[in-house]
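Working notes, beginning with the structure itself.
Since every read-out is calculated from the coordinates, none of them should be taken as a lab result. Given the structure is predicted, the values throughout are model-derived calculations rather than measurements. Glycine gets a Cβ as well: all are built from the backbone with ideal geometry, and neighbour counts include every protein chain shown.
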Amino acid sequence: MQLKINLLRMFPEIGKEIAKNLLEYFDTITNIINASEKELAKLYGIGKKTAHNIKNVVSKELNDYRTYVRIVICIVFFNILYC
């Protein structure tokens, strides 16, 4: 549980108590990530701004990961075709 709390505290404006509330309500980090801004904002201690910031971080990280995967795939195919 402490590892999950520490991970959630890396999000903007998420402290220990809010991280605990998120985990108690959503049960898993996956559920938190998949929650809508509206669902997140309903929780005590999280307003619209914090919910929006959480979704922005998740969205940015997901886009960065997809870009990284595309680059790796291109490199692999290039090496297969030309090496």
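With a cut-off of at most 15 other beta carbons within 10 Å, and DSSP calling the residue loop, which GluC sites (Glu not before Pro) in segment 1-30 qualify? Please list them.
On the way: sites: E13, E17, E24; in loops: E13.
Sparse-neighbourhood loop GluC sites (Glu not before Pro): E13.
Add +1 for every Lys or Arg and -1 for every Asp or Glu among the other residues with Cβ under 14 Å from the Cβ of G47, and state the total.
Details: positive: K38, K42, K48, K49, K55; negative: E13, E37, E39.
Residues near G47 contribute +2 overall.
How much net charge surrounds I33 when only other residues with a Cβ under 11 Å from its Cβ are counted (Lys, Arg +1; Asp, Glu -1)?
Working: positive: K55; negative: E61.
That works out to 0.
In Å³ and rounded to a whole number, note down the convex hull volume per residue for the Cα atoms of segment 2-82.
On the way: hull volume 7.9 nm³, N = 81.
Normalising the Cα hull of segment 2-82 by residue number yields 98 Å³.
So between K4 and I29, what do we pick up on full extension, going 0.36 nm a residue minus the alpha carbon distance? Spell out each step's value before the answer.
Working: separation 25, 0.36 × 25 = 9.00 nm, distance 0.73 nm.
Between K4 and I29, full extension yields 8.3 nm more.
Please report the relative contact order for segment 2-82, taking Cα pairs under 8 Å with a sequence separation of at least 6, and give it as a percent rounded to a whole number. Show your work: numbers first, answer last.
Numbers: 46 pairs, mean separation 18.0, N = 81.
Worked out over segment 2-82, it gives 22 percent.
At 222 nm, what helix-only mean residue ellipticity would the chain give, in deg cm²/dmol to the nearest 500, using -39500 (n - 2.57) for each DSSP H run of four or more?
Numbers: 5 runs with 64 residues, N = 83.
That comes out to -24500 deg cm²/dmol.
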